[in-house]
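First comes the structure, then the notes that go with it.
The values are calculated or read from the model by the stated rules, or taken from the named source; none is laboratory data. Only a predicted model underlies this, so the values are computations on that prediction, with no experimental measurement involved. As a convention, Cβ positions derive from the backbone with ideal geometry for all residues, glycine included, and neighbour counts pool all protein chains shown. Note: accessible area is taken over every heavy atom of the protein model, side chains too, but ligands, DNA and RNA are not part of it. Shrake-Rupley method; radii C 1.70, N 1.55, O 1.52, S 1.80 Å.
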Amino acid sequence: MKKYNILILIMCLFTFIGCVQESSKKTITVKLHVEGFKNIQKVGIRGNENPLSWDYDLELEPIVNDSLYAATFSMITGYKFTEVKFTVNGEFELNENENRRIIFGDKDTTTFEVKFNVVNE
């Protein structure tokens, strides 16, 4: 019986070792169009993978004030996408909709450009 337990343990270890996803560094550039908003104080992005968080904004820098904002950041991930939402003055977009998905391509760099609070334009 002891031999069978050891054999089962070894098989389980090999199964778990084969299930580990390979992680890689992904660099993401996000560009957010916010035309039509007045008195913008802060534009940010939130998400579920470091350096993003659902608790605080990663701030986007103005490219064209009150029109276009951008940020570039990197993350180590084993996933093929990450989920995000943008904020303007601390207010989330798309409150009644699912999170946006940034889908990573085969390359290490991904550019993601959208309009605030607009789904699939």
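Structure data summary
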{"item": "Paramagnetic label zone (point 7 Å from Cα along Cα-to-C-beta, Glu22; backbone N under 15 Å) in the stretch 58-86", "result": "77-80"}
{"item": "Net length gained if the chain between Lys31 and Val119 were fully extended (0.36 nm per residue, minus Cα distance)", "result": "30.2 nm"}
{"item": "Pairwise FRET efficiency - Thr77 versus Glu98, Cβ, R0 = 25 Å, nearest 0.05", "result": "0.85"}
{"item": "Mean Cα-pair separation over length for the stretch 23-121, i.e. relative contact order, pairs under 8 Å, 6 or more apart, %", "result": "38 percent"}
{"item": "Neighbourhood charge, 13 Å Cβ-Cβ cut-off, centred on Gly44 and excluding it, Lys, Arg +1 and Asp, Glu -1", "result": "-3"}
{"item": "Residues of the stretch 36-88: accessible area per residue with a 1.4 Å probe, Å²", "result": "55 Å²"}
{"item": "Surface accessible to a 1.4 Å probe, Val118 within the full protein complex, Å²", "result": "50 Å²"}
{"item": "Glu83 accessible area, assembled protein chains, probe 1.4 Å, Å²", "result": "40 Å²"}
